[in-house]
1. Do you know which residues across the stretch 14-38 are out of contact with any strand residue (DSSP E or B) (no Cβ under 7 Å at 6 or more places or on another chain), part of a loop (DSSP other than H, G, I, E, B) and either farther than 17 Å from Leu237 by Cα or in contact (Cβ under 8 Å) with a residue 12 or more places away in the chain (or both)?
2. Hey, among the residues in the stretch 399-416 that are outside any loop (DSSP other than H, G, I, E, B) and open to solvent by 60 Å² or more (accessible area, probe 1.4 Å), which one's farthest from Gly329 (Cα to Cα)?
3. Within the stretch 52-107, work out how many residues are assigned to a loop (DSSP other than H, G, I, E, B) and farther than 16 Å from Met239 by Cβ.
4. Quickly run through the stretch 39-51 and pick out the residues that are touching an Asp or Glu at 6+ places or on another chain (Cβ under 6 Å) and in a loop (DSSP other than H, G, I, E, B).
5. Of the numbered conditions (1) open to solvent by less than 40 Å² (accessible area, probe 1.4 Å); (2) touching a residue at least 12 places away in the same chain (Cβ under 8 Å); (3) over 22 Å from Thr161 (Cβ atoms); (4) not aromatic (Phe, Trp, Tyr), Gly104 fails exactly one; give the number of that condition.
6. When you go through Thr321, Thr281, Thr376 one by one, which is the residue that is surrounded by fewer than 24 Cβ atoms within 10 Å (Cβ to Cβ), of a type in the set (Val, Ile, Thr) and in a loop (DSSP other than H, G, I, E, B)?
7. Among the residues of the stretch 284-311, how many are hydrophobic (A, V, I, L, M, F, W, C) and in a helix (DSSP H, G or I)?
8. Within the stretch 287-305, which residues are touching a helix residue (DSSP H, G or I) at 6+ places or on another chain (Cβ under 9 Å) and open to solvent by less than 10 Å² (accessible area, probe 1.4 Å)?
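The values are calculated or read from the model by the stated rules, or taken from the named source; none is laboratory data. These numbers come from a predicted model, not from an experiment. Here the Cβ is made from the backbone with ideal geometry for all residues, glycine too, and neighbour counts use every protein chain on show. These area figures cover heavy atoms from the full protein model, side chains too; ligands, DNA and RNA do not enter into them. Shrake-Rupley method; radii C 1.70, N 1.55, O 1.52, S 1.80 Å.
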Amino acid sequence: MSTVESLYPDLPPAKTLGSAQEVLDWDAIRAFVKDSVGAEDFTGKRITVIVPDGTRHAPVDLMLQALRDALGNKPKDVRVVIAAGTHAAMDENAIAKLTGSAPGDFAGTYPGWQIFNHEWWDEDTFEDLGTIPREKIAELTGGRLTDRDMTVLVNKMVVDTDVSIVIGPVLPHEVVGISGGNKYFFPGLSGHDVIDMSHWVGALITCYEMIGTVGITPVRKMIDAAADLVPSKKYLLGMIVKPGSDDLNLVTFGDTKTSWEACARVSSQVHIKWCDRPYKTIVSIVPEMYEDVWTGAKGFYKLEPVCADGGQIILYAPHITSVADMHPGLLDIGYHNRDYYVKQWDKFKDHPWGELAHSTHVTGLGTYDAASGTETNRITCAFAMSIPREVVEGINKVYVDPASLDFEALEADPDVLVVHNAGELLHRLKDPTQISGDPELYK
């Protein structure tokens, strides 16, 4: 029996299969899903299945098919909604790749099921679940936000249903600590208020301190509080994907809170690479599943902790041609550290807070002297992308011509860290005092 104290002691623990040291066989996974789902009474129920979009690396197709087989003909109906947050909608080809179906023929693989994008840009797709008062927000955030209520809007599909089943991987995350669980509702299917406020709280704490934190962080508290207002019964079919593969170390099923917790504990073991020393230069090779800086910036978040003071992270992504088409406001504010905004709050308080948060996350730790207007960052971030130099430099980033990088020389240089498929494996120092990254220095 585990001696680790539960984060949610009032809830029954999730069912689990696997461990940090195992690689699971798909026959065993399908049997686990069949037994776990079969133990619940889904007969005659309306079920909404929530899946990630293509920016999350996981065998969603195989898990979705396992769920299909486990549910059989028991539910009254099943629909799938893609938890896109504020990402672009997925087209038929992308949906086919995600779900293992033929383009335009989702029902051919999932008879009787329907699939939908989360149309976050359409106000009519949301249900208003009320507000969480500012006094409660102050409590949840440890006093970081004290003067604003939080309006909870969520996609109607998880309200007009009996059961919501989340399918998704769990990974270190820059805003909440460890992703997954109720995060698929907020911000995955959320209106702007929860997104902006939770992301800004994460930014105030800083990505450096937050990312990879297993416990119930202030942002997780906000997300859980919002999810508690969703009336449907909520489950998570969670996955821990072995780094660098499509294999699974762990599968969980249960309440979205306890199932997430079981995944988070294993994620903290398998999704962190411990480095002996920091590097002055890091080349982060961003995979093509990240289509813009908004998503591809994970290649920065997960390497910031091992970049030496005064060093540089180069985001190599020649396939990226835009910062974020869904968030054009980033071109107005550019990229700056947390204090740049906090110490000029009257100037920026009306800008979408989610964009402010992203801006700080792709900048890292730093300071701002309001008297002199001087911004000082611990490290720099360079874009080696197909975004024009004038655009990159106009948003306060360093431009690097992607064609100028000599990867053979970079790979051979012991003082350079080249990371392939960046964005999923969090890098941390065995001895964090090797850099001045202690967030206390920046408060």
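1. Across the stretch 14-38, the qualifying residue is only Gln21.
2. Filtering the stretch 399-416 for residues outside any loop (DSSP other than H, G, I, E, B) gives 399, 402-404, 407-412, 416.
Now drop any that are not open to solvent by 60 Å² or more (accessible area, probe 1.4 Å), which leaves 403-404, 408, 411-412.
Working: Ala403: 29, Ser404: 30, Glu408: 37, Glu411: 36, Ala412: 40 Å.
Residue satisfying both the conditions and the ranking: Ala412.
3. Initial filter on the stretch 52-107 (assigned to a loop (DSSP other than H, G, I, E, B)): 53-59, 72-76, 84-91, 100-101, 103-104.
Checking which are farther than 16 Å from Met239 by Cβ leaves us with 72-76, 84-91, 101, 103-104.
Here the count works out to 16.
4. If the condition is that a residue be touching an Asp or Glu at 6+ places or on another chain (Cβ under 6 Å) and in a loop (DSSP other than H, G, I, E, B), then Lys45 is the only one that fits.
5. Every listed condition holds for Gly104 apart from (1).
6. Values: Thr281 fails: in a loop (DSSP other than H, G, I, E, B); Thr376 fails: in a loop (DSSP other than H, G, I, E, B).
Answer to the check: Thr321.
7. First, the residues of the stretch 284-311 that are hydrophobic (A, V, I, L, M, F, W, C): 285-286, 289, 293-294, 297, 300, 303, 306-308.
Filter once more, so that each one left must be in a helix (DSSP H, G or I): 293-294, 300, 306.
Qualifying residue count, the stretch 284-311: 4.
8. Tyr290, Val293, Ala297, Phe300, Tyr301, Glu304, Pro305
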